[in-house]
Structures are given as C-alpha cells and as structure tokens.
1. Might you tell me the accessible area per residue for the chain, computed with a 1.4 Å probe and given in Å²?
2. What size of dipole, in debye to the nearest 20, comes out for the range 37-179 about its Cα centre when the only charges are +1 on Lys and Arg C-beta atoms and -1 on Asp and Glu C-beta atoms?
3. Treating only the Cβ of Lys, Arg, Asp and Glu as charged (+1, +1, -1, -1), what charge dipole size does the range 134-274 show about its Cα centre? Round to the nearest 20 debye.
4. By its C-alpha gyration tensor, with a ≥ b ≥ c as the square roots of the eigenvalues, how is the chain shaped: rounded for a/c under 1.5, else prolate for a/b larger than b/c, else oblate?
5. Would you mind checking which residues have amide H under 5 Å from His226's amide H? H placed 1.01 Å from N; only 5 or more apart, or other chain.
6. Tell me what the chain gives for mean residue ellipticity at 222 nm when only DSSP H runs of n ≥ 4 count, each as -39,500 (n - 2.57), the sum divided by the residue total, rounded to 500 deg cm²/dmol.
7. With the contact rule set at Cα under 8 Å and sequence spacing of 6 or more, what percent relative contact order holds for the range 1-102?
8. Only four residue types carry charge here, +1 at the Cβ of Lys and Arg and -1 at the Cβ of Asp and Glu. Report the dipole size of the chain about the Cα centre in Debye, rounded to the nearest 20.
Amino acid sequence: MPSSTRVPVLDFHAHFPVQGSRDPAREEYVARHGAAKWERVTGWLQDDQRSWRRAWGFPDPEPPGSDEEMADRWASEVDRHRLIRIVFVTGGDNDRLARIVAKHPTRFVGFAHHDPFRPDAAAELERAATALGLRGYKLIAPLLSGSITDERLWPIWETAERLEIPVLIHFGPLRYQGIVAHPNMSPLALQDVARAFPGIPFVVPHFGCGYPKELLHLAWVCGNVHVDTSGSNEWMRWMPYDLTLGGLFRKFLETVGPRRILFGTDSSWFPRGFAVRYLEEQLRACWELGCGEESVRGIFAGNAARLLRIPLPDALGAQGGGE
Ligand SMILES: [Zn+2]
C-alpha cells in the first residue's frame, strides 16, 4: 500500500470525461477567423503539452468512451486509490452528470455547471441541488459573458447561499481558449460578491492560477474564500518570479490557514485516471513543511467533507496507518 493512502483523501476537483461535448472556444474562433487559423493557434500548444506529459510521466489521453464505461472506470479508480469521494465539477449538462453520479453515489459527487446569465440560472441551480442531488456549482469566470459582479447574478448567489452549497470559480488564464485578459480574470473580481454572500463557501482553484497574490489578499479579507490545490500548477512556470509547490502551500498555510485549503487533482482523462502523482507531490510538500497531522487530514479530505456535508468515518483515521 503506497504511503499516500495513509491519510483519508477526497478529490475536490475532477472533470468527468464525456463524449460529444461541444467546444465553444473552437466554434467561436472558427466562425470568426476560419479553421486554418484555429489549427495554427492551437498548434502552438501541442508540443508543449507533449513535453508536459513527458515531464510528469503521463500517457497520451484516449477519447472518452460511453458514460457507463467512464463511470465504471472512474468507480474502480476511486476504489483502487481508496478515495472517500471524487468531485466531478463538470461532466456534460446537469441532468447528464446527475445520472452519472447516481450510478455510484457513494463514490462520486457532482456539481452544477451552467451559464449564470441564463434567465433561469437560479431556478436551474435550485433544481440541480434539490431534485438532481448535485452538491455545488462550478463557474469559469473568464468565460462569462458579463462581469461577475453584475447584479443580474444576485438571484443565483442568493440561491447558493440559501442552499449553503460551495461555489468553485476558476480565475486566471485559459490557455487553450487563448484568454489572458478579461474583466473577470483576477480573483479580486470576486471581492464584492464574496462579501455580499458570506454564507457561500467560494473555492478558487489551482492556488489562484497565476494570481496567487490576489487570491491571498481576497482570502485575507473574505473568510468564506477557500483555495483548491488541483492540477500540476504548471502556471508557476509562467510567472516572472520563482515559485514552488511547497512555497505555495507555505504561503497559503500562513495566510489562509489549513481549514480553507482543499486538495484536488483536476483529473479527467484515461488512461491516466486519478492523477496520483499530484497527490504524492502535494502530500510530500505538506509533510516537508512540517504540517501537523490534523492539518493534513483537513486539507486532503476533512475540509471538503465539511463543505459537502459528507461524514468521514472514524475508522478511516486508522486505515492504512499500519500498512
Ligand atoms: Zn478543472
């Protein structure tokens, strides 16, 4: 048994791979500039992605199979790595992801993911949380058609606050979409909303993805702002100063504290499955910083379990400890 399973693990950030999902970034670009240019602007990324996979020892992704097949593959990953749950923050539309989660309700958690500017967005969030059993809401701020502070979004924040569900919002550059400038790029854009809706646990992924200072400042004034650690955090390489995973953990532990840090992987595709490399690297960073056992248990499972209201069995504390 690898030592990485010695603490309980709940992956707060993964994506369920679905067949036939639309690619709005491609569609919009091709409509305006043509397919040949799209090939050129995305071609820039391909060599880099190959090097990234090689650096981490990741295999090339396979196209997703049917929902049934992917659900079974993901369920066996959850069992193999003894995860308490895996949270799929996206996976087709809300109905589709709810059907997927319903196949393995003791292993999977799903989040709603729909345009908050839809006229029925608040009602849809309510339906997703109450009728479909989804347990959070996922947004990508730099893809929204308007400002995240727009008052047209008030009803959806009110709904999330009333239902007390976590809202995970990506801020920071979107490389594939080619977006590095946008009014909702920095986590600071969330300040007024986070203060107006203190009952919503907001989660900003990937340690702020290029905006660590802004996220630290936001979390400093907003006690309801959390951070997730998911992905390779490759954005560190694109910063004009040196950063390390251990350095990020240290800063966030010092400023935000261990209760508002949530482990995630951003896993999605096979044959990689659950990105255990990220778990190992992050656990190592925490232990090397001298993080206490209680903090580690909070970061890797307890904090997410608290936000999602998933009871952690006491027995898990001892699981794997003697192996
Ligand atoms: Zn993600």
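1. 47 Å²
2. That gives a dipole near 440 debye.
3. 300 debye
4. rounded
5. Phe202, Val203, Val204
6. Helix-only estimate at 222 nm: -12000 deg cm²/dmol.
7. Details: 71 pairs, mean separation 55.8, N = 102.
Reported as a whole number, the value is 55 percent.
8. About 300 debye.
The values are calculated or read from the model by the stated rules, or taken from the named source; none is laboratory data. For clarity, every value in this text was computed on a predicted model and none was experimentally measured. With ideal geometry, Cβ positions are generated from the backbone for all residues, glycine too; neighbour counts draw on all protein chains shown. What goes into the accessible areas is simple: the full protein's heavy atoms, side chains included, and nothing from ligands, DNA or RNA. Shrake-Rupley method; radii C 1.70, N 1.55, O 1.52, S 1.80 Å.
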